[in-house]
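Everything below concerns the one structure shown next.
The values are calculated or read from the model by the stated rules, or taken from the named source; none is laboratory data. The shown structure was predicted, so the numbers you read here are calculated from the model rather than taken from an experiment. Glycine also receives a Cβ, built like all others from the backbone with ideal geometry; neighbour counts cover every protein chain displayed.
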């Protein structure tokens, strides 16, 4: 994917070098480190999305949780990592190749949590396992994204994140499909899903240990460090925008549950709903990453939230037409393709190598904490008012937050300030 033919040119750079150099002819637009990390994410996402695809139905239909109880667990699943991202990012910036070390710890912890789901049967025990799993995600995300940004030139950083997210999403596409097939062909379907998920996750950790280099060289000379370790205004604006928009980002599980109830989708087909989102994400992540390199990150990022607002609008129509699920899932995938990697590329622009992980962790923490609050609030609103009213409130809140974020967005010249 997105590799220029350079066999006739000078020898290709090592995986730790920048992806392109001036005057070097046609080279790989994306470095090998990005592809190695993309492979790890692909394998890991097959594992995690197998669980994510069946978890809502397992908790609500299997264990009989209320929407409020599910909202609490879903909030833990999506937001608990906010508590450890800052610590993981700061430790990874300590030098000596710690980016990879912290990433291995995070991926390994998440892998160990998969078989524990076989033993958990109550809200507290399931919540503890999900919290440990999200702790692993919180540890690994910022160091992984730091390695991606350090292995890419500023001019191609959006593309690098787009390619990585596309490979990551290929795993998200295969995971629900694997879960669907396991559920249809085994007697104890949920137990089989959790067991296979652990085996796949262990493979991802092995690939990370063997094929991802310990560090990456900075693609540009880092700007002078700011005194007293204070974040730059650009980083603060990016974090504030991501946090505001996260407060109105209803989790995937709630979107799928509403769509399933609205259309009367049989339970055995529920695990396939995430496939539509993943397919759109896979197809659009790299093109929208390249677009952000050309027109800027913020038009693409805010446009993605417009797509999410359209998802809410379609679900509020209560239409029962054949095209509704395709439109909802296409727009949902567009939202992720326009926001996930694009946000990290924008946040990387003004961060020196020495503070890349901790700076990205600041942004990720604000967004994850906000989405945790949204899951709790949406679950409570659904329990009290019903799904339609809860979604209408989320739509209004998203529109307001998008307008505020547009006014707060950092200007291109401010992102050059080191954080």
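Every residue, every condition in (1) surrounded by 22 or more Cβ atoms within 10 Å (Cβ to Cβ); (2) without any contact (Cβ under 8 Å) to a residue 60 or more places away in the chain; (3) within 30 Å of residue 352 (Cβ to Cβ); (4) in contact with a helix residue (DSSP H, G or I) (Cβ under 9 Å, 6 or more places away or on another chain), yes or no:
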| position | (1), (2), (3), (4) |
| --- | --- |
| 245 | yes, no, yes, yes |
| 253 | yes, no, no, yes |
| 272 | no, no, no, yes |
| 287 | no, no, yes, yes |
| 338 | yes, yes, yes, yes |
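Here are some residues: 356, 413. Which one is crowded, with 24+ Cβ neighbours inside 10 Å and either part of a loop (DSSP other than H, G, I, E, B) or modelled with pLDDT under 90 (or both)?
356
Of the residues 236, 240, only one is without any contact (Cβ under 8 Å) to a residue 40 or more places away in the chain and within 24 Å of residue 404 (Cβ to Cβ); which?
The match here is 236.
Residue check: is residue 300 surrounded by 22 or more Cβ atoms within 10 Å (Cβ to Cβ), touching a helix residue (DSSP H, G or I) at 6+ places or on another chain (Cβ under 8 Å) and part of a helix (DSSP H, G or I)?
The answer is yes for residue 300.
On the given criteria, is residue 208 under 30 Å from residue 119 (Cα atoms), modelled with pLDDT of 85 or more and touching a helix residue (DSSP H, G or I) at 6+ places or on another chain (Cβ under 8 Å)?
It is true that residue 208 is under 30 Å from residue 119 (Cα atoms), modelled with pLDDT of 85 or more and touching a helix residue (DSSP H, G or I) at 6+ places or on another chain (Cβ under 8 Å).
Does residue 203 count as modelled with pLDDT of 95 or more, surrounded by fewer than 20 Cβ atoms within 10 Å (Cβ to Cβ) and either touching a helix residue (DSSP H, G or I) at 6+ places or on another chain (Cβ under 8 Å) or assigned to a helix (DSSP H, G or I) (or both)?
So residue 203 fits the description; yes.
How many of the residues in the stretch 381-394 are part of a helix (DSSP H, G or I), surrounded by fewer than 19 Cβ atoms within 10 Å (Cβ to Cβ) and modelled with pLDDT of 90 or more?
Of the residues in the stretch 381-394, 6 are part of a helix (DSSP H, G or I), surrounded by fewer than 19 Cβ atoms within 10 Å (Cβ to Cβ) and modelled with pLDDT of 90 or more.
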